[in-house]
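Worksheet for the structure shown next.
The values are calculated or read from the model by the stated rules, or taken from the named source; none is laboratory data. The shown structure was predicted, so the numbers you read here are calculated from the model rather than taken from an experiment. Note that each Cβ is placed from the backbone with ideal geometry, even for glycine, and that neighbours are counted across all protein chains shown. Heavy atoms of the whole protein, side chains included, go into the accessibility calculation; ligands, DNA and RNA do not. Shrake-Rupley method; radii C 1.70, N 1.55, O 1.52, S 1.80 Å.
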Amino acid sequence: MQKNNKLGFGLLVAMLLVSMAFVPAVSAQSTDEALDDKIVHSHQDKKFVCMVQNFSNPISIKELNGTRESVINNYRKEKGTANNSIIYSVPQVPEGGRIVAYCFRINDDGTTSQYVGIAGDEKSVSKIRERAKTWYNTEVLEFEKAETNIDSELISNNLSPTSSESGAQWSDPCRFYDDYYLSPYGGVTNNYELYCLYNDGSSTVDWFAIVQEFGLEPGYRAFAPSSWKNDVGYAKQEWCDGNLGNPQLYSYRPNGPYTGQTSQSVTITGGSGGVSAGLTWTYTQPDVSTECYSSTNTDIAEWKITCNSDTAKTSTVGMNPGSTCSANQHSSGNYKILDVKGVGIFRESFLSSKILSTTSSPYISYN
């Protein structure tokens, strides 16, 4: 992937275009005001929109796409960039779940951030609203980062990119934040950063990297005095579900298995024809057992965590796995890159368990 003529990376846009009238940007408001409408706002060098609805009046995929498109159009009109290649994500709503929060931001340089909050019942809406407020405070106003649960930086602060003498380098990340909560069981966090490789050494394939922040919050903590606890979680990066063509899972970490509280430093790499660039980061896992089920035969990167102690079962736990993949290069059209999944199994007793799953599907639009 060439940096200048293939991909204006970091600019998110909807694939399913919905016609909307242009809405002029206005300055940033208080947190509560910013979460109450679909108007495109401005704060310093950012364009953003935030929406929070009730469980009885959720946000449809059509509304989500249309709202995102209004932000993109606003940004493009100001910058005069009508035909950039773009990356965006579409959530898959689980059965019984409803989108009750959607937030989207574009920086002056085209980098973006997005939050999607899905509630499984009315009681979970307040949890999603608080997460949306945190996104606004950290991603737009840039304060209260020390107190946030959403971890707006993901793992970027600990990430060290490397490149080859050929100039290959990973792009700035596109950031996605996804939550699914259902009372009294708990919630699954499925955040990730998506990268593209510039000067990748190939004229036929493009390279992508993903670093996932997967987490489980038990009902014991999220919906006290619930007795539901964490049991098992799965983080999945299913490159085979994209439609770019010829996906080739290349690098994935951590390999595992790891058991118990530990700190891990991991690196993933990508590139063709002797060109190579890496992403290295560190993360600390609590008292869980981590197993790697990734396979280049299936082009699925997958990890399982099992909570060992009562502390792990009653606290928010997670991991930061990542992988790289190459796929056919395109010059036009819209393509799904992969499915990013977070699956949590929560347990009240030996005979009582509940599975919560959320999926985010990033796309690329070549122009």
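Please determine, by comparing only the residues of region 338-349 that are among the aliphatic types (A, V, I, L, M) and within 13 Å of the chain's Cα centre (by Cα), which one is surrounded by the most Cβ atoms within 10 Å (Cβ to Cβ). Spell out how you get there, then give the answer.
If we filter region 338-349 for residues that are among the aliphatic types (A, V, I, L, M), which is where we start, we get 338, 340, 343, 345.
Then drop every residue that is not within 13 Å of the chain's Cα centre (by Cα), which leaves 338, 340.
Working: LEU338: 29, VAL340: 27.
My answer is LEU338.
With the requirement that a residue be not in a strand (DSSP E or B) and not small (Gly, Ala, Ser), what does region 94-109 give you?
As a first pass, look at region 94-109 and keep what is not in a strand (DSSP E or B): 94-97, 107-109.
Result: PRO94, GLU95, ASN107, ASP108, ASP109.
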**Request:** Could you figure out which of (1) closer than 30 Å to ASP200 by Cα; (2) without any contact (Cβ under 8 Å) to a residue 24 or more places away in the chain isn't true of SER309?
**Result:** (1)
**Prompt:** If you take the residues of region 350-367 that are more than 17 Å from ILE87 (Cβ to Cβ) and at pLDDT below 95, which of them is most open to solvent (accessible area, probe 1.4 Å)?
**Reply:** PHE350
**Asked** Name the residues in region 252-277 that are more than 30 Å from ASN308 (Cβ to Cβ), open to solvent by 40 Å² or more (accessible area, probe 1.4 Å) and among the β-branched types (Val, Ile, Thr), would you?
**Response** THR269
**Message:** Need the failing condition index for ARG68 against (1) modelled with pLDDT under 85; (2) among the charged types (D, E, K, R); (3) buried (at least 21 other Cβ atoms within 10 Å of the Cβ), just the number.
**Reply:** (1)
**Prompt:** Looking only at region 258-285, which residues are of a type outside the set (S, T, N, Q) and either touching a Cys at 6+ places or on another chain (Cβ under 7 Å) or in a strand (DSSP E or B) (or both)?
**Reply:** TYR258, VAL266, ILE268, GLY270, ALA277, GLY278, LEU279, TRP281, TYR283
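Could you tell me which of the residues TYR181, TYR192 is modelled with pLDDT of 70 or more, assigned to a strand (DSSP E or B), of a type in the set (Phe, Trp, Tyr) and touching a helix residue (DSSP H, G or I) at 6+ places or on another chain (Cβ under 6 Å)? Show your work before the answer.
Values: TYR192 fails: touching a helix residue (DSSP H, G or I) at 6+ places or on another chain (Cβ under 6 Å).
Matching residue, one of TYR181, TYR192: TYR181.
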**Asked** Got a number for residues in region 282-336 being surrounded by 15 or more Cβ atoms within 10 Å (Cβ to Cβ) and touching a helix residue (DSSP H, G or I) at 6+ places or on another chain (Cβ under 8 Å)?
**Response** 16
**Message:** Checking the structure you have, find out if any residue of region 317-327 is touching a residue at least 24 places away in the same chain (Cβ under 8 Å) and over 24 Å from SER89 (Cα atoms).
**Reply:** yes
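In region 200-244, which residues are touching an Asp or Glu at 6+ places or on another chain (Cβ under 6 Å), surrounded by fewer than 24 Cβ atoms within 10 Å (Cβ to Cβ) and within 17 Å of ALA312 (Cβ to Cβ)?
Filtering region 200-244 down to residues touching an Asp or Glu at 6+ places or on another chain (Cβ under 6 Å) leaves 207, 211, 227-228, 236, 238-241.
From what's left, surrounded by fewer than 24 Cβ atoms within 10 Å (Cβ to Cβ): 227, 238, 240-241.
Selection gives SER227 alone.
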